[in-house]
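**Q** Below is the structure I would like to discuss, written out as structure tokens.
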Amino acid sequence: MKALHVLSGESGAVLQARGLDTYPSVYNALHVLHQNGWENHLITAVNTNGFEHLLQENHYFSAHPLQKAWQLGQVGRHFDMIILYEPRDIKLYQLAKLWGIDLKNRTQYLVHHSLEIPVYQLGNRAWKNKLHRYLYSGYSAVDKVIIQDATRHTLLKQHCPSLADRSTHYVPNAYIPAVEPIATHLRWFDTLRQNSRTLVSYIGAIESWALSETLFQAIADKTDITFLFSGWSSDGFAETVMARYAHCSHIHFSMGKKSLADLNYIVKHTDIGLVFYDSTDPNINEIGLSSGKLHKYLSFAKPVITNNVASLREFLHSHQLGLAVPPEQFGTAIATLVTRQAEYSRHIDQHYPTLINFEQSYQQFLETLQHSANTSKLTRIRSIPPSLFSAF
């Protein structure tokens, strides 16, 4: 069995800072398929260091979308499954048709494993509207959908109505412990950890769409707690808050992308995970089980504190995995988590793996593919006229 994974990746400076290790749903899918005897073929523009052992073939995209579309047609003639991950991959599928390449004709199943939902507004110019509609009409070609949960599925159907009747499978954006490397030490972090009674860490984008001034105002006077913000920034937001809160010796920043092993080491030795989303983007407001930060901390049995995002609040509170409160209540909430940290950690360690399991969920998806294939074969056999059998 052969699978082609299409992951265009980000563009420009953001792309250079990211690798496949920032796409857990992709490298976990590669892992599960590899374990099940599938050949993984990947075409991408992101760095794949550390995951080559999961790949039968690895092809790299050029920068220009039209070049990517042409390259897409050169990777092979038939695959049992082709997976498109992001909205830009759907657009690329449509662009490839301009070269006479229709991936739909090269696979039994065209799958969209949704990592992001296209909720963007159309441009003001008529030609942009037409181009947008053409490129995103590629969603109608999808046979099967993988998405994180029912909330995300509802949002996807609102913006891509053609997917409403497609076979859909829920697979959380979670982690598989066996796939995750962990460093043995990290000098600068070890020093910070040693000098911190309670360490709350945040990992990911330190940008205006993700964080806000409200958060930093809320933690500026919590001097008995060490806050670490580890991540990247391309919009100047990190530099602004670093300068504004330079007088707060308990707030630390470590800029730049970390290796997966170093990132896991930081999370492993953190006391509480900070998961914060402050955006008007529905992808964020309905983040649900697609939050990589959420699953990263919980996979290490770390209680989570987050702002009052409804989908996260419901999940955390109903399963006692952490607290979701407005930023102005962070001080009280963190104090509660610190006092009950051991209790929370034991509970998360025991119950989270029974709630969220990427490997099991993806395995169930693969079983439906096999069932569909068997049903299709049976249908073809039944369609053969009995007279043909009598000839033998």
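**Q** Given the C-alpha centroids of segment 49-75 and segment 269-313, what is the distance between them in whole angstrom?
**A** 31
**Q** Still on this structure, I have one more. Amide H neighbours of residue 253 under 5 Å, at least 5 residues apart or on other chains, H built in the peptide plane: list them.
**A** Counting only residues 5 or more places away or on other chains, the set is 229.
**Q** Check every DSSP H run in the chain and write down those whose alpha carbon atoms cover 27 angstrom or more along the long axis and whose mean Kyte-Doolittle hydropathy is -1.0 or greater.
**A** 358-382
**Q** OK, next. Quick one: if the Förster radius is 51 Å, what FRET efficiency do residue 195 and residue 367 give, using the C-beta to C-beta distance and rounding to 0.05?
**A** 0.55
**Q** Next question. Among 29, 185, 172, whose Cα lies farthest out toward the positive end of the dipole of the chain, if unit charges sit on the beta carbon of Lys, Arg (+1) and Asp, Glu (-1)?
**A** Ranked along the dipole, the leading option is 29.
**Q** If you build the convex hull over the alpha carbons only and average its shadow over all orientations, what do you get for segment 175-247? Give it in nm² to one decimal.
**A** Numbers: hull surface 25.9 nm².
Answer in nm², one decimal: 6.5.
**Q** Take the Cβ-Cβ distance between residue 184 and residue 132 as r, set R0 to 45 Å, and report the resulting FRET efficiency rounded to the nearest 0.05.
**A** Efficiency, from the Cβ-Cβ distance: 0.40.
**Q** Considering only C-alpha atoms, what is the centroid distance from segment 129-190 to segment 225-243, in Å?
**A** Using only Cα atoms, the two centres lie 27 Å from each other.
**Q** For a quick size check, give me the Cα extents of segment 178-352 along its three principal axes, largest first, whole Å.
**A** For segment 178-352, the Cα extents along the three principal axes come out at 40, 39, 31 Å.
**Q** Starting from 0 in steps of 10 Å, tell me what percent of the Cα-Cα pairs of segment 1-98 lands in each bin.
**A** P(r) for segment 1-98, in whole percents per bin: 16, 53, 29, 3.
**Q** Right, another one. Treating only the Cβ atoms of Lys and Arg (+1) and Asp and Glu (-1) as charged, compute the dipole magnitude of the chain about its Cα centre; round to the nearest 20 debye.
**A** For the chain, the charge dipole is close to 1040 debye.
**Q** Between residue 281 and residue 158, how many nm apart are label points set 7 Å from Cα along the C-beta direction?
**A** 1.6
**Q** Further, regarding this structure: Compute the FRET efficiency between residue 308 and residue 223 as 1/(1 + (r/R0)^6), taking r as their Cβ-Cβ distance and R0 = 30 Å, and round to the nearest 0.05.
**A** Values: r = 24 Å, r/R0 = 0.81.
The formula returns an efficiency of 0.80 here.
**Q** Holding the Cα-Cα limit at 27 Å, pick out from 144/302; 257/302; 97/157 the pairs that are longer than that.
**A** 144/302
**Q** Give me the one-decimal nm value for the distance between modelled label points at residue 70 and residue 243, 7 Å along each residue's Cα-to-Cβ direction.
**A** The modelled label-to-label distance comes out at 4.4 nm.
**Q** To continue, here is another question. Net charge around residue 165, counting only other residues with Cβ within less than 12 Å of its Cβ (Lys, Arg = +1; Asp, Glu = -1)?
**A** So the environment of residue 165 carries a net charge of +2.
**Q** What distance in nm separates the two pseudo spin-label positions at residue 343 and residue 360, each 7 Å out from Cα along the beta-carbon direction?
**A** Result for the modelled spin labels: 2.6 nm.
**Q** Would you mind calculating the gained length between residue 336 and residue 259 on full extension (0.36 nm times residue separation, minus the Cα-Cα distance), in nm to one decimal?
**A** 24.6 nm
**Q** Rank 312, 234, 295 by how far each Cα sits towards the positive end of the charge dipole of segment 178-352 (+1 on Lys, Arg Cβ; -1 on Asp, Glu Cβ) and give me just the farthest.
**A** The Cα lying farthest towards the positive end belongs to 295.
**Q** Any idea what the alpha-carbon Rg over 2.2 N^0.38 Å comes to for the chain? It would help to have the intermediate numbers written out before the result.
**A** Details: Rg = 22.9 Å, N = 392, 2.2 N^0.38 = 21.3 Å.
That ratio works out to 1.07.
**Q** Any number yet on Rg/Rh for segment 33-180, C-alpha, Kirkwood?
**A** Values: Rg = 15.9 Å, Rh = 16.6 Å.
Rounded to two decimals, Rg/Rh equals 0.96.
None of the figures in this text is laboratory data; all of them are computed from the coordinates on show. Note that this is a predicted model, so its numbers are computed, not measured. As a convention, Cβ positions derive from the backbone with ideal geometry for all residues, glycine included, and neighbour counts pool all protein chains shown.
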